[in-house]
Amino acid sequence: MTIATRLLAGAALTAIASPALAQQAPIQLADADTARVTAPVPPSASPSTNTDAADEPDTIIVTGVRGQRARTVADSPVPIDVLGAQELKSTGRTGLKEILSNIVPSLIMPALGGGGTSASVKPIAIRGLSGDYLLVLVNGKRRHTTSLINNLSRISGGSSPVDIDLIPTSAVGHIEVLRDGAAAQYGSDAISGVINIILDSEPKGGELSFTGGQQYSKGAPLYQIGGSYGTRLGGDGGFIRLAVEAKYHDRAKSSALAVPYIYPLVNGQPDPREASADHVFAGGYGRSNRDEMIDVSYNAELPVGEVKLYSFSTFSYRDIKDARGAFIPSPTGYNGLANASVNSVLTAVYPDGFQAYRRIWERDFQATLGARGVLAGWNWDLSTAYGQDHVRLGAENTLNPTLGPTSPTSFYMGTQIQTLWVNNLDLTRDYDVGLAKPLTVSAGFEHRWERFQSKAGEPNSYIDGGYFSGAGGGAHLVYPTRPIPSPGLVSFSGTSPADATSLSRNNVAGYIDLSTNITDGWFLGAAGRFEHYDDSAGNTGSWKISTRYELTRHLAIRGGINTGFRAPSLSQSGFSTTQNTGTVIGNVVQSTTSKFLPVNSAAAIALGAKALRPEKSLNFTAGVTYEKGPLHITIDAYQIRIDHRIVKTEFIGTGAAAAEIKALLVNNGVSGVDSAQFFINGVDTRTRGIDAVADYALRTNGIGTFHLSAAYSYNKTTILDIASNPAQLAALPVPITLFGRQAQRDLTVGLPHDKAVLTSDWSLGKTHALVRLTRFGSYTESSQTSASGDRTFGAKWVTDFELGYDITRNLNLAVGANNAFDVYPDKNGVVSYDGSNVYGAFAPFGLSGGFYYGRVTVRL
């Protein structure tokens, strides 16, 4: 059989594999990093994976289990997926958010969740819940969260989860994704699941990889280099593994439509400059970022007598230039008001209009030091970790109109810092109590100190400079619909000293975890945890019971019930920002101030805000597993109820309620605030869903080895209750809506209810090919007022593929494409003034079409 014939046969079987081929020497998938994974690792990706998988051991998991007895994916009492390092690298994507959203069916990342920093550092959702409900561990230790809060995001609004993109992919050994609540074991945030990123611990050898690519028609070139190298350290079992990754990824050409005019009409006719102008103006629509990143890490262990010392750390620097907000001189190009005046300040500085850019300079690190050993029969693990996310915010190519034509065009807007210091002591030992297996007793203590800081920017980024020129008190406008210049920047607002804050808190926790096998085929586990916070989160307790019962050698049922909690983040308690606008109230032009308020501020308290309480959850899960030879199937159903869920209110004080809210604030001694929003424990929700995973491995005579998998996730969130208006607002003569129509529907229908991932990975000799088909279900982008403005976007199939070849044992070449058939969302019926929103905003597969790439890997 020629190479060409084999390639054709392999490609055909990669798309459609016949079960009958299983009769030809089937094998089991049991790679040490990837057994029973959601989508198998390419078997020819490295020399070590070109062995007979049947001879390799099952994957040993560490997430969601305690004790020294090895437990595999197969006998886990809760659903868990293990994703190998080579699988992560063979997606052609950069950044763990994009990689996991491509592989894990229950994880979704919308293209544009909303404005602000959410467009730059995208939020994620898992099982229909925001990333705040997902706990992220690195080597089993809690990771610090981002300092950037998604305050303007409609999807996962108000969240500030861990930014996993700041962990280099080249440092990852494998990832364990626990799809069940685990707050009783790990504490706050582990409501929808746990991601445990296990760093590579290979004690020798290394790898260097070069990746380049770009969108089909939208540009956005990508250049990335990453590598890792390990060497033995000290005596028996010691090692250190270093990793580095550097990336440049440019923004894409806009996916917006062209606007009709850039310049004002001249005597009713188009300006001659229109002929040479670029009429696609919304640079922030599509892939809007220019990213430059460098990540480094190490993972090390050193035996010292009977004690093993360990340490690991990551450090990242990220520079983002994000296209966000545009000004078009022509009123008709802006919003169709042909006779409206245009601000002379803007046109004096930017006669051709401008695209504003948000700047983010981010330094992120976390370092862990620990030791483990055995004392008096107890296995102990003592560790301390310190991490921080430090973000400096800026703006370019914009101005503050109230400073006049001499306004600067670049600004420092403020700094946000999130810090975490966490200390753990974990103990475990086995007791023989006469059951089929020993009783594993685990207990532990944890102390956490965390702080959120928001520092003020330069005055020019937020002040009212007082500049105004124009006859009649309103001839020169920042925007055609706003009669006076607004303080602060066009498209952005810097942090003022009044919005700056610093909050910190301590937390102490203790847990106990018991597990055993009552019989050889019946596992039972129970865990309990108590935590005390020294702020409004107060005291919380949670518990978990899980079980697994083998009906036959190959068939088992499993399930559990657990309670959980998520303490309000410090950023949710203390975040504050101010937006100044010009508004016509009656016949009078007034400058109005809208604020996002900390819940403990005088203005928020006057409007009925209260200190945030922890969100509480109750989870049920039940499933079945089947394993026989190379076939593995798991089906798990779940229900997650969350009470006192933290959400943003609507802006209170706009429209008909403006006068009443203003009077209420003044009567409570608050001035300088006209409308506001803040966080509340606002809704109770219930999420029901099902996850199904099947994988199959087979070896054929002559046409290669196949790893096939199918994964499906379905979930639906229902709002059970919405908090009543506080007495301060309920007493007003005008009705106030705290949690409006659009916010409710974004929570329930803004993401696809279902997602399916079909993967086939084929290898033959030095050649391997991977094809992945992903179906994203339909979703709806809702209006604020009525169903007539809603837009439902239909389900789409997206195809990814990669073809690789080993030139030598140590040199591999691969080419591939993501979204190979250049699929876009359905077109939207309503397009924004700047031509954006043509495909909506929430598409989970992006707004910029297909992407092709090539990769060279050198093994050291």
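The values are calculated or read from the model by the stated rules, or taken from the named source; none is laboratory data. In this text, all values refer to a predicted model and were calculated from it rather than measured experimentally. Note: ideal-geometry Cβ built from the backbone for every residue, glycine included; neighbour counts use all protein chains shown. Heavy atoms of the whole protein, side chains included, go into the accessibility calculation; ligands, DNA and RNA do not. Shrake-Rupley method; radii C 1.70, N 1.55, O 1.52, S 1.80 Å.
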inquiry  = In whole Hz and in residue order, list the ³J(HN,Hα) couplings for the stretch 416-432 that follow from phi through the Karplus curve 6.51 cos²θ - 1.76 cosθ + 1.60, θ = phi - 60°; x for Gly and Pro.
reply    = 10, 9, 10, 10, 9, 10, 9, 10, 10, 10, 10, 10, 7, 7, 9, 10, 7
inquiry  = In whole Hz and in residue order, list the ³J(HN,Hα) couplings for the stretch 269-284 that follow from phi through the Karplus curve 6.51 cos²θ - 1.76 cosθ + 1.60, θ = phi - 60°; x for Gly and Pro.
reply    = 10, x, 5, x, 5, 4, 4, 10, 7, 8, 8, 8, 9, 7, x, x
request  = Return the percentage of antiparallel bridges among DSSP beta bridges fully within the chain, rounded to the nearest 5 %.
outcome  = 95 percent
key: Accessible surface of the stretch 654-748, 1.4 Å probe, proportion on carbon and sulfur as whole %   = 53 percent
Sequence-distant aspartates and glutamates (8 or more away, or on other chains) whose Cα lies within less than 17 Å of residue 616 = 132, 180, 189, 531, 535, 643, 684, 721
At 0.692 mPa s and 37 °C, Stokes diffusion of the stretch 270-319 via Kirkwood alpha-carbon radius, µm² per second = 200 µm²/s
request  = Specify the inter-centroid distance of the stretch 362-433 and the stretch 750-796, based on alpha-carbon positions, in whole Å.
outcome  = 33 Å
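Rounded to a whole number, what % of the accessible area of the stretch 757-822 do carbon and sulfur atoms account for, probe 1.4 Å?
Values: 1670 of 2770 Å².
Exposed carbon and sulfur together represent 60 percent of the surface.
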note = Summing -39500 (n - 2.57) over every DSSP H run of at least 4 residues in the chain and dividing by its residue count gives a helix-only mean residue ellipticity at 222 nm, to the nearest 500 deg cm²/dmol, of -2000 deg cm²/dmol
note = Here the alpha-carbon Rg of the stretch 684-800 over 2.2 N^0.38 Å rounds to 1.68
note = The farthest towards the positive end of the charge dipole of the stretch 765-860, of the residues 846, 820, 794, given +1 on Cβ of Lys and Arg and -1 on Cβ of Asp and Glu, is 820
task = Please turn the phi angles of the stretch 732-749 into ³J(HN,Hα) values with the Karplus equation 6.51 cos²θ - 1.76 cosθ + 1.60 (θ = phi - 60°), one per residue in order, whole Hz, x for glycine and proline.
result = 6, x, 9, x, 10, 9, 7, 9, x, 4, 5, 4, 5, 6, 4, 6, 10, 10
message = On a straight-distance basis, which lysines could pair with residue 437 in a cross-link, Cα separation under 19 angstrom, same-chain partners fewer than 8 positions away excluded?
response = none
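Could you give me D for the stretch 649-714, from Stokes-Einstein at 25 °C and 0.890 mPa s, where the hydrodynamic radius is the Kirkwood radius over C-alpha pairs? Units µm² s⁻¹, please.
Here the translational diffusion coefficient equals 139 µm²/s.
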message = Checking the table 97/253; 89/796; 204/766; 97/716; 122/321 against a 19 Å threshold on Cα-Cα, which pairs fail?
response = 97/253; 89/796; 204/766; 97/716
ask   = Cα atoms only, the stretch 494-623: Rg and Dmax in Å?
value = 24.2, 81
inquiry  = Just to check, using Stokes-Einstein with a Kirkwood Rh over alpha carbon pairs, what's the diffusion coefficient of the stretch 161-235 at 10 °C and 1.306 mPa s in µm²/s?
reply    = 102 µm²/s
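When Rg is the radius of gyration of the Cα atoms in the stretch 606-730 and Rh is its Kirkwood radius, what does Rg/Rh come to? Spell out each step's value before the answer.
Details: Rg = 25.3 Å, Rh = 19.1 Å.
Radius of gyration over Kirkwood radius for the stretch 606-730 works out to 1.33.
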message = Based on the alpha-carbon set only, what is the convex hull volume of the chain divided per residue, in Å³?
response = 162 Å³
inquiry  = Which one, 422, 255, 384, is farthest towards the positive end of the dipole of the chain when Lys and Arg carry +1 and Asp and Glu -1 on their Cβ?
reply    = 255
request  = Could you please state how large a percent of the accessible area of the stretch 221-373 is carbon and sulfur, counting protein chains only and using a 1.4 Å probe?
outcome  = 57 percent
ask   = Points 7 angstrom from Cα along the Cβ direction at residue 236 and residue 810: gap in nanometres?
value = 3.1 nm
task = Determine the per residue accessible area of the chain with all protein chains present and a 1.4 angstrom probe, expressed in square angstrom.
result = 37 Å²
query = So for the stretch 772-860: antiparallel DSSP bridges make up what percent, rounded to the nearest 5?
reply = 95 percent
key: Descending principal axes extents, the stretch 82-172, alpha-carbon based, whole Å   = 36, 27, 22
